[in-house]
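**Q** Got a structure for you, questions after.
The values are calculated or read from the model by the stated rules, or taken from the named source; none is laboratory data. Note that this is a predicted model, so its numbers are computed, not measured. Reconstructed Cβ throughout: ideal geometry from the backbone, glycine too, with neighbour counts over all protein chains shown.
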Amino acid sequence: MITIIDYGLGNLGSIKNMLKKIGSEAEITSDLEKIAQADKLILPGVGAFDNGMSNLHELGLVSLLNKKVLEEKVPILGVCLGMQLFTQRSEEGEMPGLGWVDAETIKFDASKSAQQFTIPHMGWEYVQAKKSSKLLENMYEESKYYFVHAYHVKCNRPEDVLLTTDYILEFDAAFEKDNIIGVQFHPEKSHKFGMQLFKNFVHNY
């Protein structure tokens, strides 16, 4: 069963609907027993970093997720804030992240560019693959995804970077480390591109 983790933040229904379109059943839950039985996990998220981490702690999810992800090696997909929570820390908050990936979440600095940029970054962007992955199989030659975020992830290990895109600077749009995958964009809002990404996550992991 694909389990979408409900910790009070994120487009839970949109992700479930996209999975339904590709013929995959999923459940939305914060129930520890159900999450413990999950074959695959999705951690969505829209909102502030500290709120996300606080909610995970309050629901008793952190130790369970560490067990599922780090010990049992269950595939997990983090979306937007979900991806950021996989990192060590964020400039947006004070709390440490889950720390599964050697990366940090930093704020866009538009002052570094002579051009005019709007923050938060909102809209469609093309992505560039930095390594081969089962997540990218049968993907469109020019793939683009929908982004909404004011902070972005910076991986400290180049080998973890899966996709990059350009906005103000080239930043890490997705990472993959073993069974841990994070995407900064919203595949559930990215039409055929997001649909193929979800298909790959469901069937290839």
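**Q** Of everything in the stretch 101-114 that's of a type outside the set (D, E, K, R) and outside any strand (DSSP E or B), which residue is nearest to residue 198 (Cα to Cα)?
**A** 101
**Q** Could I ask something else about it? Which members of the stretch 68-124 meet the condition of being surrounded by fewer than 17 Cβ atoms within 10 Å (Cβ to Cβ), of a type in the set (Gly, Ala, Ser) and either touching a residue at least 24 places away in the same chain (Cβ under 8 Å) or touching a Gly at 6+ places or on another chain (Cβ under 6 Å) (or both)?
**A** If the condition is that a residue be surrounded by fewer than 17 Cβ atoms within 10 Å (Cβ to Cβ), of a type in the set (Gly, Ala, Ser) and either touching a residue at least 24 places away in the same chain (Cβ under 8 Å) or touching a Gly at 6+ places or on another chain (Cβ under 6 Å) (or both), then 110, 113, 123 are the ones that fit.
**Q** Return the pairs, sorted by first residue and then second, in which the second residue is surrounded by fewer than 22 Cβ atoms within 10 Å (Cβ to Cβ) and part of a loop (DSSP other than H, G, I, E, B), the first residue lies in the stretch 131-153 and is of a type in the set (A, V, I, L, M), the beta carbons are less than 9 Å apart, and the residues are 6+ apart or on different chains.
**A** 135/205; 136/143; 148/46; 148/120; 150/92; 150/108; 150/119; 150/120
**Q** Please tell me if residue 188 is touching a residue at least 60 places away in the same chain (Cβ under 8 Å) and either on the phi > 0 side of the Ramachandran plot or buried (at least 16 other Cβ atoms within 10 Å of the Cβ) (or both).
**A** Yes, satisfied.
**Q** Going through 55, 11, 51, 17 one at a time, which residue ends up being over 22 Å from residue 178 (Cα atoms), in contact with a Cys (Cβ under 9 Å, 6 or more places away or on another chain) and in contact (Cβ under 8 Å) with a residue 12 or more places away in the chain?
**A** Just one listed residue meets the conditions, 11.
**Q** While we're here: Restricting to the stretch 35-46, name every residue that is out of contact with any Ser or Thr (no Cβ under 9 Å at 6 or more places or on another chain) and surrounded by 15 or more Cβ atoms within 10 Å (Cβ to Cβ).
**A** Residues satisfying the conditions are 43, 45, 46.
**Q** Among 148, 202, 153, 183, which is β-branched (Val, Ile, Thr), surrounded by fewer than 22 Cβ atoms within 10 Å (Cβ to Cβ) and closer than 23 Å to residue 74 by Cα?
**A** None of the other options fit; the residue is 202.
**Q** Of all the residues that make up the stretch 98-142, how many are of a type in the set (Asp, Glu) and at pLDDT below 95?
**A** 3
**Q** When you look at residue 178, is it more than 22 Å from residue 24 (Cα to Cα), crowded, with 21+ Cβ neighbours inside 10 Å and within 16 Å of the chain's Cα centre (by Cα), yes or no?
**A** When the stated conditions are applied, residue 178 does not pass them.
**Q** Output the number of residues of the stretch 20-38 satisfying the condition of being polar (S, T, N, Q) and closer than 17 Å to residue 56 by Cβ.
**A** Number satisfying all stated conditions: 2.
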